[in-house]
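All remarks here apply to the structure that follows.
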Amino acid sequence: MMPYLLTFGIALLVSVALVATKHWHGKYSLDSIFGVQKSHTEATPRIGGVAVVLGLMLAWWLSSPRVRLLLGPMLLAGGPAFAFGLAEDLTKHVSVRARLLATMSSGVLGWFLTGEMITHVNVPVLDWLLGYTVVALVFTAFAVSGIANAINIIDGFNGLACGTVIIILSSLALMALQSGDVELATTSFLVVSAVLGLALVNWPLGKIFMGDGGAYFVGFCIAWLAVLLLARHAEISAWAPLLVCGFPVLEVLFSVSRRWRRGVGVGNPDCLHLHSLVKRRIVRRLAPQASHLMRNSLTGAIIWGVALLPTLIAAEWSTDTPVLMLGVAICALLYWLTYARITQFRWCFTARTLRPAKVFSG
């Protein structure tokens, strides 16, 4: 229990210290309130990842040798993702391509340090291809990068990213415990402890955000814990960790599809994510008198429910591939229907945001 408490405590104290000293480093660390995806009303530090990493460094020092063998390589491998993300937080001039390559290189570095990678996805043809080391390594790098970027895309509303990450990591830990893997579960809960320390400063008052560095690093941790879970327990279906990450993964896939169909660059930011529309179309009606800050925080809390559903399915049927596949399909359909309902104000299958940009008026 002590490693969890101290990890949480350090992450919390560092988060508070970063907020208290923002007048010193704010020239570099503050996130502007201007921008299509900005949802806060005052410049806010976006370097919360520093608190998470420092908390986990302490956790490594306090942990048992077996947990260190899991946590140590994960911290080292996550270095490129964190460093390039933090550089973007401080300079705002690191290209999307550079950050994408950094998160992919973290996946490759994880393999180099541990020898682990994704070698099966419970689909016969793909499993045959993943039998080749090069294919498996490239697939692992892309999967790790995808999850890291998926977490980054939801970091904006108070508590949204932190709460989603805590839900996902707790589900991975539960699956590890169900398989008798105490060390892997402990490692997952240590990351939860660090993120929780940041979350108390992030929600509900929105005093600090993960930033790119924190989101990429924590996203990498989620992806790598999923890789380890599959490598250490062959009975667990590869569809379980995919479903656990259901909400951020669906958010990324739907965003790419939406931007492509609207004729804009898939990397261009917009304010048409599900969480953005929930705030504008639902929270505003539920709490018309609430402040902008409280609407922001309420949106994050509502979306936790969206993130929770797929994790519950994955934890309950972690070894049943057909059920998990069905769960992925159901969650994708629910996401699609909900998104269409919010944009069309009626139950349908076609969202207005999937039309060409010149047709959609907001």
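The values are calculated or read from the model by the stated rules, or taken from the named source; none is laboratory data. Computed from a predicted structure; not experimentally measured. Don't worry about glycine lacking a Cβ; one is built from the backbone with ideal geometry, like all the others, and counts go over all protein chains shown.
For residues in region 202-224 being under 18 Å from the mean Cα position of the chain (by Cα) and surrounded by fewer than 24 Cβ atoms within 10 Å (Cβ to Cβ), which is nearest to Ser291 (Cα to Cα)? So, considering only residues that are under 18 Å from the mean Cα position of the chain (by Cα) and surrounded by fewer than 24 Cβ atoms within 10 Å (Cβ to Cβ), the one nearest to Ser291 (Cα to Cα) is Gly206. When region 157-188 is filtered for residues that are surrounded by fewer than 24 Cβ atoms within 10 Å (Cβ to Cβ) and outside any helix (DSSP H, G or I), the ones remaining, listed by number, are Gly159, Ser179, Gly180, Asp181. Among helices (runs of 4 or more DSSP H) entirely within region 207-300, having at least 3 residues that are charged (D, E, K, R) and modelled with pLDDT under 95 singles out 246-261.
Quick check: anything in region 74-88 within 22 Å of the chain's Cα centre (by Cα), touching a residue at least 12 places away in the same chain (Cβ under 8 Å) and farther than 18 Å from Gly219 by Cβ? Checked region 74-88: no residue is within 22 Å of the chain's Cα centre (by Cα), touching a residue at least 12 places away in the same chain (Cβ under 8 Å) and farther than 18 Å from Gly219 by Cβ.
Every residue, every condition in (1) touching a residue at least 24 places away in the same chain (Cβ under 8 Å); (2) closer than 17 Å to Cys221 by Cα; (3) of a type in the set (Lys, Arg), yes or no:
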site	(1), (2), (3)
Leu90	yes, no, no
Leu101	no, yes, no
Gly110	yes, yes, no
Ala173	no, yes, no
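For region 22-63, a residue qualifies if it is in a loop (DSSP other than H, G, I, E, B), of a type in the set (Gly, Ala, Ser) and modelled with pLDDT of 95 or more, and the qualifying residues are Gly48, Ser63.
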